[in-house]
Amino acid sequence: MAYTKIIVIRGRLDKCLRYAANEEKTYLETAVDYALDRDKTERVCFETAINCGRDTAYEDMAQTARRWGKQNRVRKGYHVIQSFRPGEVTPEQAHAIGAELAQRALGGQYEVVVATHLDRTHLHNHVVFNAVSFVDGKMYRDSFRDYYEGIRGMSDALCREKGLSVIEPGEDAAPQGQYRAQQRGQTTLRDVVRRDMDEAIRRALSYGEFLRELRRMGYQVKSGDNVKHTAVRPSGGRRFIRLDSLGDGYGEADIRARIKGAWQRPLQSAKRKMYRVRRMPMQRKPLPYFQRLCLYYMYLLRGPRRARNISPALRREMLKLERYQVQFRYLRENRIETRQQLTMLRDALQGEMDAHTEQRRQLYLARRRGVEGLDAEIAAHTERLHRLRKEWRQCCAIEADARRIEQQFKQQREQEILDQGGPEHGCRQRSR
């Protein structure tokens with residue numbers, strides 16, 4: 001799947017060209033002098049120049065603008081970014097698609113530079129081209145129709161020819177963070193809002209009571225005669241979310257129908273519960289406090305919610321449930337029971353990282369002096385450092401999250417005490 005967007009260059013064209021051809025856009029883990037000596041294969045950047053020189057692209061584009069007397073125009077050029085789904089194409093395939101796109105859309109009229117960057121998990125092309133045609137001096141027009149029927153249409157056609165997936169027109173465009181979370185199977189903020197709405201619908205007797213239930217959960221509700229679309233904002237949220245934007249079943253008419261239908265269903269007799277008595281209760285070793293706290297916190301986030309009210313702060317923590325599950329497994333696998341043991345493990349990892357870093361530095365120095373056959377050993381140290389750093393960051397995250405979990409746990413306990421002693425506690429019955 002290739003996602004394309006086009007950016008108008010109104011400033012200096014040479015800066016955009018340097019960015020597109022830049023082989024390293026992020027700071028490296030070691031010093032700058034080491035970065036300058038890295039193998040070419042570690043920072044390769046595929047580049048293609050069309051109708052201009054690779055090293056003189058900016059000068060050629062500027063000369064074209066001067067030749068046609070358009071050097072003072074506001075629009076200097078255009079920057080197209082073509083991104084691919086991680087793992088869907090190889091670097092060579094991505095660059096070939098970008099170069100072919102430039103040839104089809106612009107090859108006969110404009111100077112173009114195509115660069116494929118490999119510094120992200122997703123491969124992406126940067127296509128930078130002059131706004132002035134070197135053939136007749138006409139300015140490129142980037143109307144809405146040109147984008148969807150021109151550059152994007154050609155990009156989609158190329159992807160179909162290569163057997164790649166395509167974003168079809170009319171598909172709902174989710175925000176980038178929400179889309180990535182959905183692709184990873186993680187819980188999003190909208191998922192939390194839908195669950196809370198389902199719970200409020202289950203409790204409510206009318207639409208007005210449904211809105212009051214949402215307010216009691218900590219939501220800000222925007223509704224009334226002067227409001228066209230009912231919207232809610234979770235506690236700590238930055239913006240309101242329209243109810244009808246959450247999908248089928250969450251518009252105002254759908255919610256009213258769901259509330260009405262829930263109370264019109266006939267009563268069902270409760271199923272008889274079967275109990276089994278154990279003659280000898282199973283003896284289990286209790287979990288250490290550190291693991292028990294993390295496990296109970298996950299229960300609060302994922303366990304049954306009908307018998308209790310979740311605080312707004314804890315509701316926001318539901319988005320981090322997957323991270324807490326990984327942390328709990330890490331504590332169990334490494335038999336970490338106290339904060340002191342976690343600190344000792346983190347310090348041990350830091351010491352091992354320092355040792356590997358120093359050994360790798362010595363190998364780099366030896367390779368600079370002409371010693372051969374060190375690449376495999378350097379790669380082994382690099383791979384080991386990568387795993388150590390990942391584990392070290394996990395320890396730091398657990399240590400930081402543990403303090404917040406303890407605080408949230410205390411707040412949740414206080415909230416449960418207030419709910420049990422409050423005037424609204426208890427079940428409400430209605431005759432049907």
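Residue count for the range 119-139, restricted to those that are of a type in the set (D, E, K, R) and at pLDDT below 85: 2. Taking (1) touching an Asp or Glu at 6+ places or on another chain (Cβ under 9 Å); (2) assigned to a strand (DSSP E or B); (3) at pLDDT below 85; (4) not charged (D, E, K, R) in turn, VAL114 satisfies each apart from (3). In the set ARG369, ARG403, ARG393, only one residue is surrounded by 11 or more Cβ atoms within 10 Å (Cβ to Cβ), assigned by TED's automatic domain parsing to the domain that holds GLN327 and not acidic (Asp, Glu); that residue is ARG393. The residues on offer are GLN350, GLN340, and the sole one that is surrounded by fewer than 11 Cβ atoms within 10 Å (Cβ to Cβ) and either within 28 Å of ARG323 (Cα to Cα) or modelled with pLDDT of 90 or more (or both) is GLN340.
Let's see how each residue does on (1) of a type outside the set (Val, Ile, Thr); (2) modelled with pLDDT of 80 or more; (3) over 31 Å from the mean Cα position of the chain (by Cα); (4) part of a strand (DSSP E or B):
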{"residue": "ILE6", "(1), (2), (3), (4)": "no, no, no, yes"}
{"residue": "TYR19", "(1), (2), (3), (4)": "yes, no, no, no"}
{"residue": "GLU23", "(1), (2), (3), (4)": "yes, no, no, no"}
{"residue": "MET61", "(1), (2), (3), (4)": "yes, yes, yes, no"}
{"residue": "ILE81", "(1), (2), (3), (4)": "no, yes, no, yes"}
{"residue": "GLU88", "(1), (2), (3), (4)": "yes, yes, no, no"}
{"residue": "HIS95", "(1), (2), (3), (4)": "yes, yes, no, no"}
{"residue": "GLU100", "(1), (2), (3), (4)": "yes, yes, no, no"}
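The values are calculated or read from the model by the stated rules, or taken from the named source; none is laboratory data. What you see is a predicted model, and the numbers here were worked out from it, not measured in a lab. Every residue, glycine as well, gets a Cβ built from its backbone with ideal geometry; the counts of neighbours run over all protein chains shown.
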